[in-house]
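Take a look at the structure set out below.
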Amino acid sequence: MTTEFHGRPTWADIDLDALQHNVRALRACIPPATRFGAVVKANAYGHGMEGIARAALEAGADWLMVNTVDEGVRLRRAGFTCPVLTLGYAPHWEAEKIVRCGLTPTVNTRQLALALAREARTASKTVNVHVKLDTGLGRFGQLPEEVQPFVQMLVTIPHLNFEGLWTHFASADEADKSYSHQQLAIYRHVLANLEAHGIVVGIRHTANSAAIIDLPESHFDLVRAGVSLYGLYTSPQVSRRVPLKPVMSLKSRIARLRTLPAGSTISYNRTYITGKETRVALVPIGYADGLVRALSNRGCLLVGGRRVPIIGRVCMDQCVVNVDGVPDASQDDEVVVIGAQKGEEITADELAGLLGTINYEVTCNVSARVPRVFRRGGQIIEIA
Ligand SMILES: *Cc1c(COP(=O)(O)O)cnc(C)c1O
């Protein structure tokens, strides 16, 4: 066991204690009988899918949820045996993988339903399927009037088990919940209509992170926690009543320190020129790692607990910072891109604000080239 990471000097620390704290804190605000789904799509929002899934299940998650069939396959290969729901579109030719891996797909086409039934019959299995209802996100899923005939068709197909009906909120993260209530009313209406036709929906689910925190009437039988697992709030309007801890810190090290004379130009296209003698540090993180190029001459990193400005263009593999403000900076010192250092902090939210995006995109941007260093009690337990 060790606390120092001696791999590539650019890495993401993943704090599994914080993750498990978040799972427990979110679980505490849903009814005990409601199941907890950990949304680990997109490599767990950039945090590392397998390590996150393992820690989330250990802390009390019941389901894993992904977008694509391939993400589900990856979870099965890693040995996870819990229910895995795929939330995205699966074309009929993915039916074989779905059945072979025992995934629970969201089925929105007759074509996929028939292909699943065929594969399931061949394999002597039954496939649990969920249906998505579009209550107003305007994206994917059956429209309210389409659901009942569609589900009626599904329940007649052998080897398929219609298990769940779900919907997704458009603006649960806004202070004004009226549109969410409208979506819930449509959802309830459809449930009642199915019931009137003798169809029981075993697992009803609607809540994303914002709804878990701010819309208790949306919890039903299962919730789908994404960004909140990772210690981030969906928006500034989501209440802070559930205390979340950020899970990811993105770090690097000083690769080279130099003092350049006045008039020196930094990085491609010479967009920064030193006005005086300047101490600069080269940091081996670039846009291929997820430090987006739009931060050129804009963002800050932390060195020695101080904010140091990025100067010149962010390159594919490196960037340069002005460390005049940190006289004791030295070679191989830790550099923080996202996270805390000696009382100073740069959050994913701050970066998102600077870039005109949301915290989701900031962590998803951390690329496959960056090692994920999973920690418990500060100790490294796994590297992915
Ligand atoms: C991604 C996703 C979620 C998780 O949303 P968060 O806002 O990150 O909690 C929930 N449901 C569906 C359908 C999703 O695609």
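The values are calculated or read from the model by the stated rules, or taken from the named source; none is laboratory data. Owing to the predicted nature of the structure, the values given are computational and were not obtained by experimental measurement. No Cβ is skipped: glycine too gets one built from the backbone with ideal geometry, and neighbour counts run over all protein chains shown.
The rows are residues; the columns are (1) surrounded by 19 or more Cβ atoms within 10 Å (Cβ to Cβ); (2) within 15 Å of the ligand (Cβ to nearest atom).
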residue: T81; (1), (2): no, no
residue: G88; (1), (2): no, yes
residue: E94; (1), (2): yes, no
residue: R121; (1), (2): no, no
residue: S124; (1), (2): no, no
residue: G141; (1), (2): yes, yes
residue: E145; (1), (2): no, no
residue: S180; (1), (2): yes, yes
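Can you pull out the residues in the range 96-108 that are away from the ligand (no atom under 16 Å from the Cβ) and either within 16 Å of W63 (Cα to Cα) or in contact with a helix residue (DSSP H, G or I) (Cβ under 7 Å, 6 or more places away or on another chain) (or both)?
Matches in the range 96-108: E96, K97, I98, V99, C101, G102.
Can you tell me which residue in the range 229-240 is farthest from the ligand (Cβ to nearest atom), limited to those that are more than 18 Å from the chain's Cα centre (by Cα) and not small (G, A, S)?
R240
Any residue at all in the range 342-352 that's at negative phi and either touching a Phe, Trp or Tyr at 6+ places or on another chain (Cβ under 6 Å) or at pLDDT below 95 (or both)?
No: zero hits.
Looking at (1) more than 16 Å from the ligand (Cβ to nearest atom); (2) in contact with a helix residue (DSSP H, G or I) (Cβ under 9 Å, 6 or more places away or on another chain); (3) touching a residue at least 24 places away in the same chain (Cβ under 8 Å), find the lone condition where I310 falls short.
I310 satisfies every listed condition except (3).
Pick out, from the range 86-161, the helices (runs of 4 or more DSSP H) lying fully within it that include 1 or more residues that are touching a residue at least 40 places away in the same chain (Cβ under 8 Å).
110-122, 144-155
Which condition from (1) within 12 Å of the ligand (Cβ to nearest atom); (2) surrounded by fewer than 19 Cβ atoms within 10 Å (Cβ to Cβ); (3) within 22 Å of R35 (Cα to Cα) is the one that P243 breaks?
(1)
Provide a single number: the residues in the range 182-228 that are in contact with a Lys or Arg (Cβ under 9 Å, 6 or more places away or on another chain), in a helix (DSSP H, G or I) and more than 12 Å from the ligand (Cβ to nearest atom).
Number satisfying all stated conditions: 2.
So if I check each of D332, D328, D349, D317, which one is outside any strand (DSSP E or B) and touching a Lys or Arg at 6+ places or on another chain (Cβ under 7 Å)?
Sole residue among the options that is outside any strand (DSSP E or B) and touching a Lys or Arg at 6+ places or on another chain (Cβ under 7 Å): D332.
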